[in-house]
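J.: Starting off with a structure, shown below.
The values are calculated or read from the model by the stated rules, or taken from the named source; none is laboratory data. For clarity, every value in this text was computed on a predicted model and none was experimentally measured. Note: ideal-geometry Cβ built from the backbone for every residue, glycine included; neighbour counts use all protein chains shown.
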Amino acid sequence: MIALVAGGTGGLGRAVSLAFLEAGWRAAVTYRRAGELDELRAAAGASADRLEGHAADVTDEAAVERLIEDLVNRHGRLDALVNAVGAWAGGAKAWEAGGEELDRMLALNVKSGWVLSRAAARAMVRQGSGSIVNVASKAGIEPTPGAAAYASSKAAAIAMIESLAADLKGTGVRANSILPSIIDTEANRKAMPKADHAKWTKPEEIARVIVFLCGDGAVLIHGAAIPVYGSR
């Protein structure tokens, strides 16, 4: 079983990659900084022989299509795609935010999922199986003040996967979204040093849900937007 984890060396993506390896999968990850891949290899320990890294801009459709074609040619299939690429912007009222903010949020939070999901779906439909999981956000269904561009992009991401799931009915391929709230990552701790970090969801907790969604035990879950923040 092979999973492509886009953004697989980031705060959440790293935990997802390690969870797949722990479950016995092979993990192919995209990254932008080589140092992060080296750190992930070190964390993988004895499982590092089932880890492969690919430097890629996942908003580049041609590059993503080449990557997935290469994976399928070398491994014979693609069993799961997890898109953990994304970014947050906020802190200002909608009419005070920078003019480029929406474009950036749409590129990282919507276009990445659009490009990756389309390419993966083509390969998975041909083989008659596969699972796509896109990381959206609680903000996509419960927007907060000061984050209009971010919330808009995550709402669009949820709708995109729901529509994709409708297209995929009957193909053997499943597509779902997960909706985290604030994830306990190093970047978020630096951005919000005075917050109560104990209430934040751990990346490892979310990663376990994602691996489950990609496995045989979740064959009935399709077209869902699943909260992954509990009662905190």
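J.: Would you point out the residue of segment 98-152, among those that are among the β-branched types (Val, Ile, Thr) and part of a helix (DSSP H, G or I), that is farthest from Ala225 (Cα to Cα)?
T.: Val125
J.: Restricting attention to segment 1-37, which residues are modelled with pLDDT of 95 or more and of a type in the set (D, E, K, R)?
T.: Arg14, Glu22, Arg26
J.: I've got another one for you. Can you name every residue in segment 5-36 that is assigned to a helix (DSSP H, G or I), closer than 23 Å to Arg77 by Cβ and among the aliphatic types (A, V, I, L, M)? Reasoning before the result, please.
T.: First pass over segment 5-36, keeping only residues assigned to a helix (DSSP H, G or I): 11-22, 34-36.
Applying the additional criterion that residues be closer than 23 Å to Arg77 by Cβ yields 13, 16-22.
Answer for segment 5-36, where residues must be assigned to a helix (DSSP H, G or I), closer than 23 Å to Arg77 by Cβ and among the aliphatic types (A, V, I, L, M): Val16, Leu18, Ala19, Leu21.
J.: Same structure again: Are any residues in segment 189-210 over 13 Å from Tyr229 (Cβ atoms) and surrounded by fewer than 20 Cβ atoms within 10 Å (Cβ to Cβ), and if so, which ones?
T.: Of everything in segment 189-210, those that are over 13 Å from Tyr229 (Cβ atoms) and surrounded by fewer than 20 Cβ atoms within 10 Å (Cβ to Cβ) turn out to be Arg189, Lys190, Ala191, Met192, Pro193, Lys194, Ala195, Asp196, His197, Ala198, Glu204, Arg208.
J.: Filter segment 41-65 down to the residues that are touching a strand residue (DSSP E or B) at 6+ places or on another chain (Cβ under 7 Å) and part of a helix (DSSP H, G or I) and list them by number. Steps first, answer last, please.
T.: Residues of segment 41-65 touching a strand residue (DSSP E or B) at 6+ places or on another chain (Cβ under 7 Å): 41, 44, 50-56, 58.
Correct list: Arg41, Ala44, Arg50.
J.: From Arg26, Arg118, which residue is among the basic types (Lys, Arg) and surrounded by fewer than 17 Cβ atoms within 10 Å (Cβ to Cβ)? Give the derivation first.
T.: Working: Arg26 fails: surrounded by fewer than 17 Cβ atoms within 10 Å (Cβ to Cβ).
Of Arg26, Arg118, the one residue that is among the basic types (Lys, Arg) and surrounded by fewer than 17 Cβ atoms within 10 Å (Cβ to Cβ) is Arg118.
Rundown of residues vs (1) farther than 24 Å from Val115 by Cβ; (2) more than 15 Å from the chain's Cα centre (by Cα), yes/no style:
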| site | (1), (2) |
| --- | --- |
| Asn134 | no, no |
| Ala139 | no, yes |
| Glu142 | yes, yes |
| Ser153 | no, no |
| Ala156 | no, no |
| Leu168 | no, yes |
| Ser177 | no, no |
| Asp184 | yes, yes |
| Lys194 | yes, yes |
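J.: In segment 217-232, what residues are surrounded by fewer than 15 Cβ atoms within 10 Å (Cβ to Cβ) and modelled with pLDDT under 95?
T.: Gly230, Ser231, Arg232
J.: Determine which single condition Leu67 fails, assuming it passes every other condition in (1) modelled with pLDDT of 95 or more; (2) of a type in the set (A, V, I, L, M, F, W, C); (3) out of contact with any His (no Cβ under 8 Å at 6 or more places or on another chain).
T.: (3)
J.: Can you spot a residue in segment 196-215 that is on the phi < 0 side of the Ramachandran plot, out of contact with any helix residue (DSSP H, G or I) (no Cβ under 9 Å at 6 or more places or on another chain) and of a type in the set (Lys, Arg)?
T.: For segment 196-215, residues on the phi < 0 side of the Ramachandran plot, out of contact with any helix residue (DSSP H, G or I) (no Cβ under 9 Å at 6 or more places or on another chain) and of a type in the set (Lys, Arg): present.
J.: I'm checking my understanding of the structure. Among residues of segment 79-110 that are among the charged types (D, E, K, R) and out of contact with any helix residue (DSSP H, G or I) (no Cβ under 9 Å at 6 or more places or on another chain), which one is modelled with the highest pLDDT?
T.: The qualifying residue modelled with the highest pLDDT is Glu100.
J.: Filter segment 196-220 down to residues that are assigned to a loop (DSSP other than H, G, I, E, B), over 18 Å from Ala139 (Cβ atoms) and more than 17 Å from the chain's Cα centre (by Cα), then give me how many there are.
T.: 3
J.: Checking the conditions here, which among Ser153, Ser137, Ser112, Ser129 is among the polar types (S, T, N, Q), touching a residue at least 12 places away in the same chain (Cβ under 8 Å) and surrounded by fewer than 24 Cβ atoms within 10 Å (Cβ to Cβ)? So that I can check it myself, show each step before the final result.
T.: Details: Ser153 fails: surrounded by fewer than 24 Cβ atoms within 10 Å (Cβ to Cβ); Ser137 fails: surrounded by fewer than 24 Cβ atoms within 10 Å (Cβ to Cβ); Ser112 fails: surrounded by fewer than 24 Cβ atoms within 10 Å (Cβ to Cβ).
After ruling out the rest, the residue left standing is Ser129.
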